[in-house]
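Engineer: Starting off with a structure, shown below.
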Protein chains: 2
Amino acid sequence: MTTSEGLEALAALRGALERSSTAERVADALRERIIDGDLAPGARLSEEALGQALGVSRNTLREAFRLLGHERLLVHRFNRGVFVAVPELEDVVDLYRVRRALELDAVRRADRAPQGAVARVGAAVQEGEAAAGRGDWWGVGTANMRFHQALAALADSPRTDEVVRRLLAELRLVFHAMAAPRDFHVPYVALNRRIHRLLEEGRLQEAADELADYFDTAERQLVEAFSAEPG
Amino acid sequence: MTTSEGLEALAALRGALERSSTAERVADALRERIIDGDLAPGARLSEEALGQALGVSRNTLREAFRLLGHERLLVHRFNRGVFVAVPELEDVVDLYRVRRALELDAVRRADRAPQGAVARVGAAVQEGEAAAGRGDWWGVGTANMRFHQALAALADSPRTDEVVRRLLAELRLVFHAMAAPRDFHVPYVALNRRIHRLLEEGRLQEAADELADYFDTAERQLVEAFSAEPG
DNA sequence: TCATGAGGATTGTTGAACAATTCACCGATC
DNA sequence: GATCGGTGAATTGTTCAACAATCCTCATGA
């Protein structure tokens, strides 16, 4: 084999090889616990206690806090500490405003999507159907997130991917803060399937219209849940 | 006056009262120097040297680095240090993809814009005209940024504001990395004026179409500049 | 010319220290 | 009884010094 062949094959692994700092690993761990709801919205994260529990120094922990603060999962109040963010009604509205702009744009331009992007949307739909089949409502929610992440990926834009990932993580926080997340996700599985089918057939505008409807009803439902049980 | 009246009036000031940390102030200073071009793309920022120059400890400086890293103005290479980001061709394309989605959406929905938002667009246009009048091409660029920030603000969405602010800061980096930024901005002043007039008259779709044209030509121009002088 | 180490420089991370600030508690006062 | 004010503990903001881990340079050797 030629040298260039070997080097090219190796270059693909470079991303995986990059070691991550402890701060990033700590941030990953905390992010997971926040998204899973182990750390409830509003909970305060003590530097000393958490640092001791995770076995890292205060300085490193603070770096992790910054990372999650920029993802809006934590709010940092000066001289008061960091807290798990508590989504408000306005946040829900804002989240959906940005999602509408980005995801709808991605769907409408899906004809320029990279190879296999539509297939990944389909995989997320299937994952959601499987979770719904075994009554795993939280798994349905996870699949739903993956579905929308895959929609955003149709734009073939790293920055869109990053922004949407952050928005969806925040949305998980909203689910934890609202009244009855149990029955929220399941009804959307069928709609996701429909959107994916339209994408496969290249009927992009129709897919975008369906998605717009999805946003409208989901937002309305969340707003109602928030009005019922104020934060 | 009633108690609730007074409290409500005071609540509006709360944001301004929040003191900022040293790390944030350091980040502000560095951001300015990067945007103004004093710190060229690719330049390495030594922790020790910079910390000494700014009179802050390494820890604090590293916090500032994280902040700017998340704005993509700095890139952090593990065990190697932080560098001023060097925009590539793909970055230009990606920046414009996201701007198209967000700014066009904001303009199309400008009928729901908050009070005075269109006026702020007009103020940015005027600022650009004034700068062009006195031959201050860099001032024209600054006014241009403010114009687009004002367009994004039509969406009345804090998250849109934040994302667009980051995109525009990155774009400034692109200007520094390209060949001839001097003549780039001025031609767009007239177009900005036209877009603002259409907004005032409520002809939103036409305004969006003009803006889309703007994006197309500006992107093409930048891509050409990059092909001519590869980074 | 190319590979190989050795050494120096820089970053990653920790721990401790001190100042500044907040919070909770407890009297004092009206 | 409620509010105001102050004291002190607890927590955060920031710095400093130290050491390990890693990278880069450069001289050396084949």
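The values are calculated or read from the model by the stated rules, or taken from the named source; none is laboratory data. Just so it is clear, the model here is predicted, and its values are computed rather than measured. Ideal geometry is used to build each Cβ from the backbone, glycine not excepted, and the neighbour counts take in all protein chains shown.
Engineer: Restricting the search to region A:81-94, which residues are away from DNA strand D (no atom under 13 Å from the Cβ) and of a type outside the set (V, I, T)?
Structural biologist: Selection gives A:A85, A:P87, A:E88, A:L89, A:E90, A:D91, A:D94.
Engineer: Now a separate question. Give me a count of the residues in region A:121-145 that are free of Cβ contacts under 8 Å to residues at least 60 places away in the same chain and either over 17 Å from A:R194 (Cβ atoms) or of a type in the set (G, A, S) (or both).
Structural biologist: Residues that pass the stated criteria total 15.
Engineer: Could you figure out which of (1) within 14 Å of another protein chain (Cβ to nearest Cβ); (2) away from DNA strand C (no atom under 16 Å from the Cβ); (3) free of Cβ contacts under 8 Å to residues at least 40 places away in the same chain isn't true of A:L61?
Structural biologist: Against the list (1) within 14 Å of another protein chain (Cβ to nearest Cβ); (2) away from DNA strand C (no atom under 16 Å from the Cβ); (3) free of Cβ contacts under 8 Å to residues at least 40 places away in the same chain, A:L61 comes up short only on (2).
Engineer: Sticking with this one: Give the residues of region B:172-201 that are in contact (Cβ under 8 Å) with a residue 60 or more places away in the chain and either closer than 19 Å to B:L89 by Cβ or within 13 Å of chain A (Cβ to nearest Cβ) (or both), sorted by residue number.
Structural biologist: The answer is B:R172, B:L173, B:V174, B:H176, B:A177.
Conditions (1) outside the structural domain of A:L74 (by TED's automatic domain parsing); (2) over 18 Å from the mean Cα position of the chain (by Cα); (3) among the acidic types (D, E), marked per residue:
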position: A:V164; (1), (2), (3): yes, no, no
position: A:E170; (1), (2), (3): yes, no, yes
position: A:V189; (1), (2), (3): yes, no, no
position: A:G202; (1), (2), (3): yes, yes, no
position: A:D209; (1), (2), (3): yes, yes, yes
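Engineer: Which is closer than 30 Å to B:F175 by Cβ, out of contact with any Pro (no Cβ under 7 Å at 6 or more places or on another chain), modelled with pLDDT under 90 and within 16 Å of DNA strand C (Cβ to nearest atom), of B:S46, B:S20?
Structural biologist: Within the list B:S46, B:S20, the selection yields B:S20.
So that you can scan it fast, the table gives a plain yes or no per residue for (1) within 16 Å of DNA strand D (Cβ to nearest atom); (2) surrounded by fewer than 16 Cβ atoms within 10 Å (Cβ to Cβ); (3) part of a strand (DSSP E or B):
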residue: A:E63; (1), (2), (3): yes, no, no
residue: A:R72; (1), (2), (3): no, no, no
residue: A:N79; (1), (2), (3): yes, yes, no
residue: A:V98; (1), (2), (3): no, no, no
residue: A:P114; (1), (2), (3): no, yes, no
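Engineer: Among residues belonging to region B:146-156 that are in contact (Cβ under 8 Å) with a residue 40 or more places away in the chain and closer than 29 Å to A:E88 by Cα, point out the one that is surrounded by the fewest Cβ atoms within 10 Å (Cβ to Cβ).
Structural biologist: Restricting to residues being in contact (Cβ under 8 Å) with a residue 40 or more places away in the chain and closer than 29 Å to A:E88 by Cα, the top hit is B:D156.
Engineer: On to the next question. Could you check how many residues of region B:32-61 are over 28 Å from A:N79 (Cβ atoms), small (G, A, S) and buried (at least 17 other Cβ atoms within 10 Å of the Cβ)?
Structural biologist: Total meeting the criteria: 0.
Engineer: Answer yes if at least one residue in region B:17-31 is at positive phi, surrounded by fewer than 14 Cβ atoms within 10 Å (Cβ to Cβ) and not assigned by TED's automatic domain parsing to the domain that holds B:V140, and no otherwise.
Structural biologist: no
Engineer: Which of (1) within 14 Å of another protein chain (Cβ to nearest Cβ); (2) small (G, A, S); (3) assigned to a loop (DSSP other than H, G, I, E, B) does B:A169 not meet, given it meets every other one?
Structural biologist: Just one mismatch for B:A169, condition (3).
Engineer: Kindly evaluate A:V140 against the criterion of being under 30 Å from B:V98 (Cβ atoms) and assigned to a helix (DSSP H, G or I).
Structural biologist: Judged against the criteria, A:V140 is a match.
Engineer: Looking at B:V82, B:V86 in this structure, which one is away from chain A (no Cβ under 11 Å), in contact with a strand residue (DSSP E or B) (Cβ under 9 Å, 6 or more places away or on another chain) and more than 16 Å from DNA strand C (Cβ to nearest atom)?
Structural biologist: The match here is B:V86.
Engineer: Which residue is nearest to A:H176 (Cα to Cα), if the candidates are limited to region A:80-94 and must be free of Cβ contacts under 8 Å to residues at least 24 places away in the same chain and over 16 Å from the mean Cα position of the chain (by Cα)?
Structural biologist: Among them, the one singled out is A:E90.
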